[in-house]
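These notes are about the structure you will find just below.
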Amino acid sequence: MLNDLNPVVRDLPSWWDGPPTFDVKPLNSATRPDFERFAVVVRFAHAGTGEQIRLRYQVFGTTSYATALMSAEQTALGTSLSGPKAGDQVLYYNQNAGGGAAPYISEALVRVDAYATTSSLGKVAATAATRLKSATSGKLHVSPAPSPEPALVAPQGPDLTLLGTARLPVEVVAQMLVYPAPMEMTDFFHHAGVSDFVYGDYAVNADTRMEILTAGFTFSSPTGSKDWITAFYGGSSGLSQGVYLNFESDTGQYVGAFGNGTRGVLVVCRSSAPGEQAGRSCESSLVRVIDGWRASLAG
């Protein structure tokens, strides 16, 4: 997928995968209209700048609603820029967000340090539209991914609903945490024998506006999980008896970390609404989930 962004991005090796969102029920069930079936959000971030790319694949119950949504977008943003045809209808816009290190926004939801040309953006849009049509017409078939190790996904219980899992490169972890030194964190994992991890995306049942992201690691050393927690959370007041849990005020999300031997788990609870801080429902849910998960790791 990252290679598909070549027409838009510069310095492709410096672009890293971010954590995806499997936007299915019950996530945001309190506000989700019935005609919105599901969506998948794919993210990328540029190391060393504030640039981001966000692709949202959304499926609606009817063509008429999808058409009405496009019309509403056009009414709000005005006449579309000229650009290549993609799918059945395409709109192009450039906007200036007016602040931040990457203030330029090019639709489809691409944030860059200058406006992307519509010809370049159109190539990405056309690729996304072609793959989406292939999937909905039954032409595209994906082999099922192998089941993850049970200890590296959250135990089934009353607090969370699993939205989806994937195996992702370890570079994604720094994006989950909005970590200020992503290269250093990634280098630590590589030296600890970790190149990828089991990713989990969950809705918090007590407040479906909240989303929990998890990362399950397998370290090469029998002290790997302890070394990881000590390296990144050893001096924090949020660390107690080998478990780290804290609200990170700079990122607006709750972060937890724990492990046993070669296996470690990172949990992040955040709002599914961009720019909104995580609610207190995250804290109580994480306490319960971590207690149960630690027992699973020890078993």
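The values are calculated or read from the model by the stated rules, or taken from the named source; none is laboratory data. The model shown is predicted, which means the values in this text are computed figures rather than measured ones. No Cβ is skipped: glycine too gets one built from the backbone with ideal geometry, and neighbour counts run over all protein chains shown. SASA here: full protein model, heavy atoms, side chains in, ligands and nucleic acids out. Shrake-Rupley method; radii C 1.70, N 1.55, O 1.52, S 1.80 Å.
Taking P84, is it open to solvent by 30 Å² or more (accessible area, probe 1.4 Å), touching a Gly at 6+ places or on another chain (Cβ under 9 Å) and touching a residue at least 12 places away in the same chain (Cβ under 8 Å)?
Working: open to solvent by 30 Å² or more (accessible area, probe 1.4 Å): yes; touching a Gly at 6+ places or on another chain (Cβ under 9 Å): yes; touching a residue at least 12 places away in the same chain (Cβ under 8 Å): yes.
Here the answer is yes, as P84 does meet what is asked.
Quick check on region 278-299: of everything there that is farther than 17 Å from L213 by Cα and in contact with a strand residue (DSSP E or B) (Cβ under 9 Å, 6 or more places away or on another chain), which residue is modelled with the lowest pLDDT? Walk me through how you get there before you give the answer.
Residues of region 278-299 that are farther than 17 Å from L213 by Cα, as a first pass: 295-299.
When the remaining residues are screened for being in contact with a strand residue (DSSP E or B) (Cβ under 9 Å, 6 or more places away or on another chain), the result is 297-298.
On the way: L297: 86, A298: 77.
The selected residue is A298.
Kindly indicate the residue of region 175-195 that is within 15 Å of the chain's Cα centre (by Cα) and closer than 15 Å to G264 by Cβ and also least open to solvent (accessible area, probe 1.4 Å) among those meeting that condition.
Among residues in region 175-195 that are within 15 Å of the chain's Cα centre (by Cα) and closer than 15 Å to G264 by Cβ, the one least open to solvent (accessible area, probe 1.4 Å) is M176.
Look at V59 and say whether it is touching a Ser or Thr at 6+ places or on another chain (Cβ under 7 Å) and part of a strand (DSSP E or B).
no
Pairs, please: C-beta under 8 Å, at least 6 apart or cross-chain, first residue in contact (Cβ under 8 Å) with a residue 24 or more places away in the chain and in region 244-258, second surrounded by fewer than 19 Cβ atoms within 10 Å (Cβ to Cβ) and of a type in the set (K, R)?
Pairs found: F258/R294.
With the structure loaded, tell me whether T21 is more than 24 Å from the chain's Cα centre (by Cα) and modelled with pLDDT of 80 or more or whether it fails that test.
No; evaluated as a whole, the condition is false for this residue.
Looking only at region 24-62, filter to residues that are touching a helix residue (DSSP H, G or I) at 6+ places or on another chain (Cβ under 6 Å) and of a type in the set (G, A, S); which one of those is surrounded by the fewest Cβ atoms within 10 Å (Cβ to Cβ)?
The selected residue is A47.
Looking only at region 270-277, decide whether some residue is assigned to a strand (DSSP E or B), modelled with pLDDT of 95 or more, surrounded by fewer than 20 Cβ atoms within 10 Å (Cβ to Cβ) and out of contact with any His (no Cβ under 6 Å at 6 or more places or on another chain). Explain how you work it out, then say what you get.
At the first step, the residues of region 270-277 found to be assigned to a strand (DSSP E or B) are 270-271.
Those still in the list that are modelled with pLDDT of 95 or more too: 270-271.
Adding the requirement that they be surrounded by fewer than 20 Cβ atoms within 10 Å (Cβ to Cβ) leaves 271.
Now narrow it down to the ones that are out of contact with any His (no Cβ under 6 Å at 6 or more places or on another chain): 271.
Yes, that holds for at least one residue.
Going by the conditions given, is A257 open to solvent by 10 Å² or more (accessible area, probe 1.4 Å) and either of a type in the set (A, V, I, L, M) or part of a strand (DSSP E or B) (or both)?
Values: open to solvent by 10 Å² or more (accessible area, probe 1.4 Å): no; either of a type in the set (A, V, I, L, M) or part of a strand (DSSP E or B) (or both): yes.
It is false that A257 is open to solvent by 10 Å² or more (accessible area, probe 1.4 Å) and either of a type in the set (A, V, I, L, M) or part of a strand (DSSP E or B) (or both).
Tell me, which residue of region 209-248 that is part of a loop (DSSP other than H, G, I, E, B), at pLDDT 95 or above and polar (S, T, N, Q) is surrounded by the fewest Cβ atoms within 10 Å (Cβ to Cβ)?
The selected residue is S220.
Test L69 against the criterion of being outside any strand (DSSP E or B) and open to solvent by less than 40 Å² (accessible area, probe 1.4 Å), and give yes or no.
Judged against the criteria, L69 is not a match.
Return the pairs, sorted by first residue and then second, in which the second residue is surrounded by 14 or more Cβ atoms within 10 Å (Cβ to Cβ) and among the hydroxyl-bearing types (S, T, Y), the first residue lies in region 286-299 and is in a helix (DSSP H, G or I), the beta carbons are less than 7 Å apart, and the residues are 6+ apart or on different chains.
These pairs meet every condition: L286/Y254.
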